[in-house]
Amino acid sequence: MNSVRAIVILALFCMQLAGVMNAHAQGRKMEGDIESVQVRDNIYMFVMEPAGNVAVSVGEDGVALVDDQFAPMTERIKTAVAELTDKPIRYVFNTHWHGDHTGSNQNFGKQGLVIVAHDNVRQRMSAEQFHLFFKARSPASPPEALPVITFSDTMTFYFNGDVIDVVHMPNAHTDGDSVLHFRNADVIHTGDVFINRGYPLIDIASDGSIQGQITATNRLLDMMGPDTIVIPGHGPLADKARVLAIRDMLVTARMSVAELISQGKTLDEIIAAKPLAELDPEWGQGFVRAKYFVQIIYQSETGDWEKPEGMPLVP
Ligand SMILES: [Zn+2]
């Protein structure tokens, strides 16, 4: 059932992305292997777009995963882990509730792994949710997929010789985002409060906001040293210069749209005015196009959006 759900969500992704990305290429990529990248020391990154980047801590204590992609990828994640170590996977941390970051939870939960996330991740997964971008509803997750340890503000793992600070970033991509800082390895997994592939998809219906996304990016910069490596929720590894560039893009985009809102313009008028025209060549060619990012900023700033009628429930 879970794999059917993930495939339907993936199909939905592809349908929505028609004309934006090549749906066939997406489908083919799902067939392939996970790309395993050593980030630094005992920290690895598993990549398989369109699902999120998985961080993997490997060592004497076993394995901890940050995010776990879609359900059909569970076995491939386990295979990729087995190529690094004989030790068992003990923890899965979810950076937020979205299916491309929690999709293997049910499989891992059934096997007795400990799933950890922010309070709001468990809350949202416990009830039906909906996506403004995909215009679809998600059902509540089965009990075994839910995080069994949750936290409200910060928490710390002592694992594989590292100290891992977990920090909640309020109302950024959603209302339940965490970033994880592996202090000794000097690596941060950001979840989707930081994505490295153009304009971000901010989930307004899950109480995300452009303001929170900017605040989270600034807090990320405060947490970073000169050599910190960032594993984004999606896209390639990033350094401090790249995080700064994305912060500046977010601030410029927000100001450009906010100025037109303050002039009393409607959303349609603001979209027609193309306020992101100068940013588009560099940032507007990916998953989220300028028109939709303008809408996200408008909805963030004004709180003016409605739950669409008749959204399909994606099984
Ligand atoms: Zn997400």
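The values are calculated or read from the model by the stated rules, or taken from the named source; none is laboratory data. Only a predicted model underlies this, so the values are computations on that prediction, with no experimental measurement involved. Don't worry about glycine lacking a Cβ; one is built from the backbone with ideal geometry, like all the others, and counts go over all protein chains shown. SASA here: full protein model, heavy atoms, side chains in, ligands and nucleic acids out. Shrake-Rupley method; radii C 1.70, N 1.55, O 1.52, S 1.80 Å.
Values computed for the structure shown
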item	result
Unmet criterion (only one of (1) over 16 Å from Glu301 (Cβ atoms); (2) open to solvent by 50 Å² or more (accessible area, probe 1.4 Å)) for Thr252	(1)
Every residue from region 89-101 that is within 15 Å of the ligand (Cβ to nearest atom), open to solvent by 10 Å² or more (accessible area, probe 1.4 Å) and either assigned to a strand (DSSP E or B) or not charged (D, E, K, R) (or both)	Trp97, His98, Gly99
Boolean, Glu278 is among the acidic types (Asp, Glu), outside any loop (DSSP other than H, G, I, E, B) and at pLDDT 95 or above	no
Yes/no for Asn107 being open to solvent by 20 Å² or more (accessible area, probe 1.4 Å), in a helix (DSSP H, G or I) and in contact with a Phe, Trp or Tyr (Cβ under 8 Å, 6 or more places away or on another chain)	no
Contacts under 6 angstrom Cβ, first residue in region 81-102 being within 17 Å of Leu113 (Cβ to Cβ), partner more than 16 Å from the ligand (Cβ to nearest atom) and among the aromatic types (Phe, Trp, Tyr), 6 or more apart	Val92/Phe108
Selection from region 172-231 of residues that are closer than 18 Å to Asn53 by Cα, away from the ligand (no atom under 16 Å from the Cβ), open to solvent by 10 Å² or more (accessible area, probe 1.4 Å) and touching a residue at least 60 places away in the same chain (Cβ under 8 Å)	Asp186, Ile229
Selected residue (only one of Asp280, Asp268, Asp239 is among the charged types (D, E, K, R), open to solvent by less than 50 Å² (accessible area, probe 1.4 Å) and farther than 26 Å from Asp175 by Cβ)	Asp280
